[in-house]
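Reading through the structure tokens given below for one structure.
Just so it is clear, none of the values below were taken in a lab; they were calculated from the coordinates. Here the structure is a predicted model, which means the values were calculated and not measured. Positions of Cβ are generated from backbone atoms using ideal geometry, with glycine treated the same way; all protein chains shown enter the neighbour counts.
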Amino acid sequence: MLQKNDLISLVITDITNEASGVGRHEGVAVFVPGTAVGDRLTVRIVKVLKHYAYGIVERILEASPDRVLDTCPVSRQCGGCSLRHISYHAECQIKQNWVTEHFRRIGGIDLTPLPIQPSPFQSAYRNKAQYPIRRGPDGKIQIGFFAPRSHRVIANHFCDLQPHFFGEILGIIQIFLEQYRISIYNEQSHQGLVRHLFLRWGEQTREAMVCLVINGTELPHANILVARLTKAFPQIVSIQINCNTAKTNVILGPVCRVLYGKPVISDILCGIKVELSPLSFYQVNRSGAEKLYGIAADFAGLTGGELLLDLYCGAGTIGLSMARRVREVIGVEIVKEAVENARENARRNGIHNARFLCDDAAGAAQTLAEEGLHPDVVVLDPPRKGCDAALLKTVGQMTPDRIVMISCNSATAARDAAILCQNGYRVTKLQAVDMFPRTAHVETIVLLQRETL
Ligand code: SAH
């Protein structure tokens, strides 16, 4: 029997979906984070459960050929980049395996996927960051990211996944908050003002947005912060506060107020100029998203005559990127600001064959189906939790020829694809697209075709 603090020798034979290495010791699975397949290690056991155990690396006896030098000073504490110690090539293979396995195990769908599409960039690929701001045990303000499964901030201004100037903005904000003794949010007491910093960047337009999330409605000395930020960064075209006074883990509250500039920034995605408010979803990896949408258009097999239903459409980007190759686009999205962005995005791009409904996807699909809508292609791009079973049933009843499902969670995508398979569809293409290098996340894209009886 393994005991806490035991030192064992272990060979890592697999990587779990949480990106932890795993090996077997006398038949017991031992999970060791930060390891790679092929590592031969001395492992210290830190926790023993009934059927498995957790360990940490005490010594690397023989390094896996997949290992690369992890140059991030905080990656182990931060936990965001759980694959940073592995080569990008190996990372892509691991992610492809995750997707294939989820479809096989959860969806009962045994299909050889198309080769994974790597991200065009592996660092500075993110165009958005949401940094928690808290006071550390020493009373100092900390801006960075939460440690895994905790709300302890790992202070770090310069994250390799973000553009470098995000870190410089953090520096200015930190000095401002300290100098003017602005109160900082405390989760336990629900007191204090400043909760999070939200940054977004239009890579193509070079427009940046700064949004401070506050537990209140007024930011003291806001004019000074605006002056400092705009002087240091002419690319900042929008400074806002977001009011979030709720006791919640959700980062953004419902209302934004402009302190400087515009309420939106713009970017260009697949040739479409898009406007984005802080509350609108936008793919964090722009060049990766162009690849993804290109594959989506290819899977959709557009010929020019289609009626396309884009469910969970966000700011309308997928539907709009395909609008010139279809007859009509109908987008459905629940966030009001995102729908406003989508309509404005259609208008600014001279797209007249797209309309957007602000509604719950399941409810809207039901209404559209009752009205007799028969889309040729349905795009489903739900959040991580996936689609409602009711929505999938309704989509099946609308009998589209093709369904393109996009998801950042291959487990729920596999589950939802299986439900569509019970409603007359067959998965004909499956592909992983890496939009989140170095992290344990990957995008999945699936083509489902209607079975002809
Ligand atoms: N297709 C878009 C957005 C995908 S993210 C893009 O590629 O940019 C998922 C979107 O689903 C988010 O915009 C979120 O606000 C929206 N959403 C979440 N729950 C929803 C629901 N029940 N009905 C409609 N939209 C929903």
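Annotations for the structure displayed:
- Of the residues 117, 366, 8, the one whose Cα sits farthest towards the positive end of the charge dipole of the chain is 8 (charges of +1 on Lys and Arg Cβ, -1 on Asp and Glu Cβ, taken about the Cα centre).
- In this simple spin-label model, placing a label point 7 Å from the Cα along the Cα-to-Cβ direction at both residue 70 and residue 218 gives a separation of 4.6 nm.
- Taking a Cβ cut-off of under 12 Å around residue 420, the surrounding Lys, Arg, Asp and Glu residues balance to a net charge of +3, with basic ones at +1 and acidic ones at -1.
- Listed pairs 231/262; 262/291; 128/262; 393/429; 128/273 exceeding 27 Å between Cα atoms: 262/291
- Candidates per trypsin sites (Lys or Arg not before Pro) in region 84-187, loop by DSSP, up to 12 other Cβ within 10 Å: 140, 149, 181
- When each full DSSP H helix of the chain is screened for a Cα extent of at least 30 Å along its own axis and an average Kyte-Doolittle hydropathy of at least -1.0, none passes.
- Between residue 249 and residue 150, full extension at 0.36 nm per residue minus the direct alpha carbon distance yields a gain of 34.5 nm.
- Neighbourhood net charge (14 Å Cβ-Cβ; Lys/Arg +1, Asp/Glu -1) for residue 345: -1
- Its relative contact order, with pairs defined as Cα atoms under 8 Å and 6+ residues apart, puts the chain at 13 percent.
- Cross-link partners of residue 4 among lysines (Cα-Cα below 25 Å; sequence separation of 8 or more within a chain): 47, 50
- Helical contribution to [θ] at 222 nm, DSSP H n ≥ 4, -39,500 (n - 2.57), averaged over the chain, rounded to 500: -8000 deg cm²/dmol
- Segment residue 61-residue 49, length gained on full extension (0.36 nm per residue, minus Cα span): 1.7 nm
- 20 °C / 1.002 mPa s Stokes-Einstein diffusion coefficient of region 117-228, Kirkwood radius on C-alpha pairs, µm²/s: 144
- Distance-filtered residues of region 160-178 - backbone nitrogen under 19 Å, label point 7 angstrom along residue 231 Cα→Cβ: 168-178
- Among the trypsin sites (Lys or Arg not before Pro) found in region 267-335, those both in a DSSP coil and sparsely packed, with 15 or fewer other Cβ atoms within 10 Å of their Cβ, are 327.
- Approximating the spin labels as points 7 Å out from Cα along Cα→Cβ, the residue 374-to-residue 178 distance works out to 6.7 nm.
- Cα gyration tensor shape of region 1-90, rounded if a/c is under 1.5, else prolate or oblate by comparing a/b with b/c: prolate
- Scaled against 2.2 N^0.38 Å for its residue count N, the alpha carbon radius of gyration of region 192-338 is 1.20.
- Estimated FRET transfer efficiency (residue 140, residue 359; beta-carbon r; R0 35 Å; 0.05): 0.15
- Other-chain or far-sequence residues with amide H under 5 Å of residue 430's (modelled H): 114, 447
- Under 5 Å, built H, 5+ apart or other chain: amide partners of residue 269: 274
- Net charge over other residues, Cβ less than 15 angstrom from the Cβ of residue 179 (K, R count +1; D, E count -1): +2
- Rg and Dmax of the chain, Cα atoms only, in Å: 23.5, 71
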